[in-house]
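No lab work stands behind these numbers, since they all come straight from the coordinates. Please read these numbers as outputs of a predicted model, since none were measured by experiment. Positions of Cβ are backbone-derived with ideal geometry, glycine not excepted, and every protein chain shown enters the neighbour counts.
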Amino acid sequence: MTEPNAPPAIADSFHTLILQPTTLCNLNCAYCYLPDRTRQRLMPPPVAQACAASVVDQASPYRVDVVWHGGEPTATPIRHFRTLLEPFEALRQSGAIRHGIQTNATLINDAWCELFVEYGFHVGVSIDGPAAANAHRLDRAGHQTWHRTMRGIRRLRAAGIPFTVICVVTPQTIGQPDELADFFTDLGCESVGFNIEEQEGTDRPPVDEHAAYLFWRRLIQRRAGGSALRVRELDRLADYLNMARHGGLHPAPFDPIPTVAYNGQTVLLSPELLGVQDPSYGDFIAGNVLTRPLTQTVKRMGELRYVAEFADGLVRCVATCDFFGFCRGAQAANRYFEHGTLAATETTYCRTTKQALVRAAVDELVGEEVNV
């Protein structure tokens, strides 16, 4: 039996597959890390076919979540997008895969809604709260885009399509937990994930750790007070505590999360590494699905320096961090962008998203006063 705090291995199979149907994004968000988002480079059908064949080759008893990311995936011409879905259709109908999409929603129309329903998509929308909170989400002409995102959300709701939300919490909004929570409660999303702004290829200042603590503590107070809003991070902490209470902490191996670019080039561990060039790590490319199935790429990942360093970092995390049981180790991209190496351990992401959350929950439980 695996000890709860043993460093988890990286699995030799994948349960999440991220695909880039296009490099283009119609927005120009200040915190975006994507390096090639101004060009329309479309994934050709053979790449999608090779990805679907890799899922078949893996023959996993578990469902694979195929997540269409970007760029902005709905910037793909919809007819072309349908050709990318065709190779997966038998897998979808058998329950072997589920489609997901992460979108800014500005381009959603009735045709996209019909596609989401037809193929059973799980839809995630990126929106950072009320209009004022979206000041960094501009188009290429420098215009605000919030009203366009809200229009897309209204189309989803009119079509009866459930959706979740990812909200980037910036230094400007970290002090507004009530305003954000009220907005997302009224928005009608199934749940919201709060991504405390991270350092991923940008030079924006990090969120203050104590401000993050106050943010999480207020959300915990709202939930304790009966708030109906589901918050991804609070759900994850509750699930962890529930498993610990019932002796069910058996850590699963890390998902290698292959991310396949429009041209078949594949990175592992984090989609944020796609397109990054580094003197030490090169381009992080683990292989190309057109020349080698993802199953083989994943099985040979130990040969990659950055994967080996990430695994070594996990060993150091478990030896040095009191939060490892819940955190399970810093995200690969955060290690790289903050420290320049995947062998690093603690990151700002750890402190603001994991540690501050746990401290807030413990202090709320025992009644510690908040120092403002």
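So, in nm, how far is label E89 from label R140 when the simple model puts each one 7 Å beyond its Cα toward the Cβ?
Simple spin-label model gives 3.3 nm for this pair.
[x] 37.5; [y] 18.4; [z] 19.5: which one is mean projected area of the Cα convex hull in nm² as calculated from this entry?
Entry [y].
Taking the chain as a Gaussian network, where each spring joins two C-alpha atoms under 10 Å apart, which residue of A111, A343, A308 fluctuates the most?
Greatest mean-square fluctuation among the candidates belongs to A111.
Between D322 and E114, 0.36 nm times their residue separation minus their Cα-Cα distance comes to what?
Result for the pair: 70.1 nm of gain on full extension.
Hey, what number do you get for the chain at 222 nm if only DSSP H runs of n ≥ 4 count, each worth -39500 (n - 2.57), divided across all residues, to the nearest 500?
Taken over the chain, the calculation gives -11000 deg cm²/dmol.
Which percent, to the nearest 5, of DSSP beta bridges fully inside region 67-207 are antiparallel?
5
So what's the net charge close to G124: Lys and Arg +1, Asp and Glu -1, counting the other residues with Cβ under 13 Å from its Cβ?
-1
Round to a whole angstrom and tell me the spacing of the C-alpha centers of region 299-315 and region 121-161.
Centre-to-centre (Cα) distance: 37 Å.
Once the piece of chain linking E303 and H210 is laid out straight, how much longer is it, given 0.36 nm per residue of separation minus the C-alpha distance between them?
29.5 nm
Measuring from centroid to centroid over Cα atoms, what is the spacing of region 242-287 and region 331-359 in Å?
Result: 15 Å between the Cα centres.
Where Lys and Arg each count +1 and Asp and Glu each count -1, what net charge lies around L107 among other residues with Cβ under 13 Å from its Cβ?
0
For the chain, set up a GNM with springs between Cα atoms under 10 Å and report which of E118, E338, E346 has the largest fluctuation.
E118
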